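Visitor: A single structure is presented below for examination.
Only the coordinates and a few stated rules stand behind these numbers; no lab work does. What you are looking at is a predicted structure, and each value in this text was computed from that prediction instead of being measured. Cβ sites come from the backbone with ideal geometry, for glycine too, and all protein chains shown count toward neighbours.
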Amino acid sequence: MIDATGFEHRLGRLEEIARALEADGVDLAQALALFEEGIEQLRAAADELSRAETHVQRLVERSDGTFEVIDPRE
Amino acid sequence: MTGRRLPRSVGRSDPDLFSVGAFGSESPGSPRLEPPGSPEYPGESARSAVAVSVLTQTARDVIEGAFIPLWVRGEISDFKSHRNGHWYFCLRDSTAQIRCVVWKRDQRGIPAPPDDGMQVAAFGRLTVYAARGEMQYTVTRLEAEGDGLRRKALEITRARLEADGLLAPDRKRPLPRFPRVIAVVTSPDGAALHDIVSVVRRRGADVRLVIVPAAVQGQTAPEELCFALDQVDRWGGADVVIVGRGGGAREDLWAFNDERVARAVAACRVPTISAVGHETDTSICDLVADLRAATPTAAAEAATPSHAELCAELRKHSVRIAGAMRGGLRTRSDALRHLGRHLAGAANHHVMQRRGALQSAAARLHALSPVATLARGYSVARSTAGATLSSADAFRPGMPFELVVRDGTVQARVRTPGGEVA
């Protein structure tokens with residue numbers, strides 16, 4: 001299962017990288033480092049997407065008021 | 001059944017005395033109204049007059065026993081909601097009217113109190129209020145023409161929620177873009193759940209769908225929906241909650257117009273998507289939820305980003321970053337080329353300048369050169385150390401020196417002291 005916050009974070013970071021690369025005044029070494037990081041983030045995000053899966057479960061409240069998520073009997 | 005109860009206070013013991021054949025069948029073997037040769041029956045003469053209460057109570061027994069519950073249609077007038085919680089009104093047509101009551105306990109099944117002038121159908125029983133000797137219709141169900149009561153109930157609920165600020169647009173919270181856990185409050189056997197699960201699966205969304213079962217129609221539906229929403233809230237494990245059901249008759253969707261359910265939706269700390277029925281159905285829950293989805297399918301789509309969308313988004317980022325990098329490199333190489341050209345120009349200029357200076361220096365140097373003087377027949381005396389000997393004082397007797405002439409040097413020595421050259 002994707003760490004969704006991770007995926008969201010990756011998209012945010014990709015946006016930052018694109019913006020930094022598009023800005024004036026970034027030096028070449030920095031630009032290359034950003035580019036490399038961008039490629040790495042893209043690869044990892046695509047990887048995560050390919051592993052996506054949907055689970056269906058059911059919420060059960062125990063008598064002590066705590067909750068449990070169980071797989072439904074199918 | 002026939003009215004047979006005769007209070008003992010009447011003083012006559014025959015309980016079937018007031019049986020009236022016209023109002024129904026008699027039990028087998030029950031005595032006839034006027035048994036032959038019987039003594040006078042109560043009220044037959046002034047002497048045997050019955051009490052008012054006997055009359056009205058007997059009337060009640062007779063009338064209440066004679067009618068099965070019926071739907072009666074008419075127009076509402078003189079509606080009053082009494083302090084004690086019961087509703088009173090008259091139901092009338094052009095020629096007649098009857099007093100009606102809706103006991104407080106029976107009001108649950110009626111969407112809203114009726115207004116005067118409403119054309120309604122009332123389901124109830126004809127009763128007699130013996131204490132006042134009045135007939136009244138005891139109503140347990142009420143339906144207004146054009147679904148007027150439901151419309152009124154919606155307006156009332158809406159106004160109450162609005163007064164509490166629950167319909168304000170700025171209450172709407174944004175949904176998380178990437179929910180990990182989606183709670184689904186609906187019937188576990190309903191079409192809505194089936195639709196939601198298949199849409200989320202089809203979109204390849206990486207989520208857990210957690211079903212929180214609740215009846216979505218029938219008397220218990222509002223309580224069950226409230227309870228399920230409360231569970232979602234207390235559990236706290238969901239990023240978003242879908243509450244809804246598939247399409248159905250208007251009455252079947254009614255639980256989603258219940259004020260309690262709407263308030264439970266509003267109170268839920270998890271962002272809510274309401275999905276009730278078809279596109280054309282709008283419920284009170286829809287107004288309160290953070291997002292109104294037209295159908296459960298639309299709710300599932302709104303809740304989850306699709307695999308294809310996310311891939312497209314990654315592609316977009318990829319193109320943008322590569323473009324930015326390429327652009328940055330092109331700008332730099334252009335700048336470099338420009339700089340190179342500039343540098344070459346500057347260097348060229350510099351070299352030309354120096355070349356000129358060199359030439360003039362060479363000319364000057366040439367002018368000062370002793371080589372030309374030597375060529376004309378002069379010579380230069382130099383010590384062995386190479387110093388020019390230009391004065392007689394520099395010469396010592398016997399000192400070796402050399403003479404530099406046009407085409408070479410000649411070794412020499414001073415012969416005599418004083419100014420004579422050897």
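Visitor: Using a 10 Å cut-off around each Cβ, can you sort A:56, B:270 from fewest to most neighbouring Cβ atoms?
Guide: Neighbour counts put them in this order, fewest first: A:56, B:270.
Visitor: Let me ask something additional. Alpha carbon centre of region B:47-102 versus region B:141-168: separation in Å?
Guide: Here the answer is 29 Å between Cα centres.
Visitor: Round to the nearest 10 and give me the degree value, 0 to 90, for the angle of helix B:191-202's Cα axis relative to the longest principal axis of chain B.
Guide: The angle comes out near 10 degrees.
Visitor: Peptide B:202-210: average number of partner chain Cβ atoms within 10 Å per residue?
Guide: Taking the mean over all residues of the peptide, I get 6.
Visitor: Then there is this: Under the Kirkwood approximation applied to all pairs of distinct alpha-carbon atoms, what is the hydrodynamic radius of region B:342-408 in Å?
Guide: After inverting the mean inverse Cα-Cα distance, the result is 15.3 Å.
Visitor: Have a look at the DSSP beta bridges in chain B and tell me what percent are antiparallel, nearest 5.
Guide: 65
Visitor: Further question: So what is the calculated 222 nm ellipticity per residue for chain B, using -39500 (n - 2.57) for each DSSP H run with n of 4 or more, over all residues, to the nearest 500 deg cm²/dmol?
Guide: Value at 222 nm, helices only: -11500 deg cm²/dmol.
Visitor: While we're on this one: Using Cα-Cα distances under 8 Å and only pairs 6 or more residues apart, what relative contact order does chain B have, in percent?
Guide: Dividing the mean separation by the residue count of chain B yields 8 percent.
Visitor: To continue, here is another question. So what's the Cα pair-distance distribution over chain A, bin width 5 Å, in %?
Guide: 3, 13, 16, 13, 11, 10, 8, 7, 6, 5, 4, 2, 0
Visitor: Now for a different question. Compute the longest continuous run of chain A that contains no exposed trypsin sites (Lys or Arg not before Pro); treat a site as exposed when its DSSP state is not H, G, I, E or B and it has at most 15 other Cβ atoms within 10 Å.
Guide: The reported range is A:1-50.
Visitor: Also, quick follow-up: Rg/Rh for region B:134-203 to two decimals, with Rh computed the Kirkwood way over all alpha-carbon pairs.
Guide: On the way: Rg = 20.5 Å, Rh = 17.2 Å.
Ratio value, two decimals: 1.19.
Visitor: How much of the pair distance distribution for region B:90-142 lies past 18 Å, counting alpha-carbon pairs only, in percent? Walk me through the numbers on the way to the answer.
Guide: Numbers: 434 of 1378 pairs.
Value for region B:90-142 (Cα pairs over 18 Å): 31 percent.
Visitor: By DSSP, what percent of the beta bridges with both residues in the protein assembly as shown are antiparallel, rounded to the nearest 5?
Guide: Bridges in the protein assembly as shown that DSSP calls antiparallel: roughly 65 percent.
Visitor: Give me P(r) over region B:289-422, computed from all C-alpha to C-alpha distances, binned every 5 Å, as integer percentages.
Guide: Final binned percentages: 2, 7, 8, 7, 6, 5, 5, 4, 4, 4, 4, 4, 4, 4, 3, 3, 3, 3, 3, 3, 2, 2, 3, 3, 1, 1, 0.
Visitor: Could I ask something else about it? Roughly how many nanometres apart are two label points built 7 Å out from the Cα toward the Cβ at residue A:36 and residue A:23?
Guide: Result: 2.1 nm between the two label points.
Visitor: I would also like to ask the following. Would you look at the GNM of chain B, springs on alpha carbons closer than 10 Å, and say which of B:356, B:277, B:165 moves the most?
Guide: B:356
Visitor: Shifting gears a bit: Test of understanding: express the Cα radius of gyration of chain B as a ratio to 2.2 N^0.38 Å, with N the residue count.
Guide: 2.67
Visitor: Can you sort B:321, B:68, B:98 from fewest to most other Cβ atoms within 10 Å of each residue's own Cβ?
Guide: B:68, B:98, B:321
Visitor: Continuing with this model, one more query. Using the alpha-carbon atoms, what tilt in degrees (0 to 90, nearest 10) does helix B:221-235 show relative to the longest principal axis of chain B?
Guide: 30
Visitor: Further question on the same structure: Can you give the net charge of the other residues whose Cβ lies under 11 Å from the Cβ of residue B:173, counting K and R as +1 and D and E as -1?
Guide: Here the count lands on +1.
Visitor: Another one. Evaluate the Debye formula for region B:255-351 with equal point scatterers sitting on the alpha carbons, no solvent, and hand back log10 of I(q)/I(0) at q = 0.10, 0.18, 0.20 Å⁻¹, in q order, two decimals.
Guide: -0.54, -0.87, -0.95
Visitor: Under the Karplus relation 6.51 cos²θ - 1.76 cosθ + 1.60, θ = phi - 60°, what is the ordered set of whole-Hz ³J(HN,Hα) values for region B:244-253, x standing for Gly and Pro?
Guide: Rounded to whole hertz, the list is x, 7, x, x, x, 5, 3, 5, 5, 8.
Visitor: Given the protein assembly as shown, report the % of alpha carbon pairs whose separation exceeds 33 Å.
Guide: Within the protein assembly as shown, distances greater than 33 Å cover 69 percent of Cα pairs.
Visitor: Remind me, relative contact order of chain A in percent, using alpha carbon pairs under 8 angstrom and six or more residues apart?
Guide: 30
Visitor: For region B:26-176, what value does the Rg/Rh ratio take when both radii are computed over Cα atoms and Rh is the Kirkwood radius, given to two decimals?
Guide: My calculation puts Rg/Rh at 1.22.
Visitor: How large are Rg and Dmax for region B:161-290 when calculated on the C-alpha trace, in angstrom?
Guide: 13.7, 42
Visitor: Rounded to whole Å, give me the distance from the Cα center of chain A to that of region B:204-249.
Guide: 27
Visitor: Once phi is turned into θ = phi - 60°, what whole-Hz ³J(HN,Hα) does the Karplus curve with 6.51, -1.76 and 1.60 give for every residue of region B:347-360, x standing for Gly and Pro?
Guide: With coefficients 6.51, -1.76 and 1.60, one gets 5, 4, 4, 4, 5, 4, 4, 5, 4, x, 4, 4, 5, 5 Hz.
Visitor: Determine, for B:316, B:172, the number of other Cβ atoms within 10 Å of each Cβ, and report the residues in order from fewest to most.
Guide: Ordered by Cβ neighbours within 10 Å, fewest first: B:316, B:172.
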